[in-house]
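The values are calculated or read from the model by the stated rules, or taken from the named source; none is laboratory data. Treat the numbers as computed from the prediction; the structure is a model and nothing was measured. So basically every Cβ, Gly included, is an ideal-geometry build from the backbone, and we count neighbours across all protein chains shown.
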Amino acid sequence: MKIICIGRNYAEHAKEMNAAVPTEPVFFLKPDTALIKDDQPFYYPDFSKEIHHEVELVLKINKAGKNIDPAFAHKYYDEIGIGIDFTARDIQAKCKEKGLPWEKAKAFDGSAPIGNFIQKKELADIADINFHLTVNGKEVQKGTTKDLLFSFDAVIAYVSKFFTLKTGDLIYTGTPEGVGPVNIGDKLEAYIENKKLLSFEIK
Ligand code: MG
């Protein structure tokens, strides 16, 4: 399986990164070794001093597709979850400076904790899903899919022009503003609406 991550999909986050608001989706990949499941801890890596949380809604692809029409994209996922796109911000800054790829900063082992999924049909309105992240009980990021620059359907259609989507692939759909550092000992909890779907510690 593969993990596809959408960058800069919320305008306020693009602004906080001093990045342009994109006119087409920006995306990158993580390997399956990035996943952390079952609320297992994240071990702070020794190659970075600035790991940031980015809380994101995650789509689980339910069938194979290529060049998917946006009108049919909703048929390619039944479940939505929540995860963290951990980013070594210090390394990413160096990569950006030199025009190098981001993988070292984005795709390292453990960089994609993933929580439980809920059925799409449990959610009242896909275009207005509320989600948030707490660190040590304090809310640090909050978003709604109302603010997406590229909808889930637009993202699926766009990405599938380049990559065949397969059953079990995950799409991290971008983070709202409020990204920030994590520290050893922190407890992160992520919610869709008021349902806690992910809870783990930084070790
Ligand atoms: Mg992200």
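Here are some notes:
- Among the residues of the range 83-100, those identified as more than 11 Å from the ligand (Cβ to nearest atom) and either free of Cβ contacts under 8 Å to residues at least 40 places away in the same chain or of a type in the set (A, V, I, L, M) (or both) are A88, I91, A93, K94, C95, K96, E97, K98, G99, L100.
- Scanning the range 24-61 for residues that are without any contact (Cβ under 8 Å) to a residue 40 or more places away in the chain and either within 12 Å of the chain's Cα centre (by Cα) or outside any loop (DSSP other than H, G, I, E, B) (or both) returns V26, D32.
- Flag if A112 is of a type in the set (G, A, S) and in contact (Cβ under 8 Å) with a residue 40 or more places away in the chain: yes
- Selection count where residues are among the charged types (D, E, K, R), within 12 Å of the ligand (Cβ to nearest atom) and exposed (fewer than 15 other Cβ atoms within 10 Å of the Cβ), scope the range 17-43: 0
- Options G115, G137; residue that is closer than 25 Å to Y43 by Cβ and in contact with a Gly (Cβ under 6 Å, 6 or more places away or on another chain): G115
- Put simply, of I192, I202 the only residue that is in contact with a Leu (Cβ under 9 Å, 6 or more places away or on another chain), at pLDDT 95 or above and surrounded by fewer than 19 Cβ atoms within 10 Å (Cβ to Cβ) is I202.
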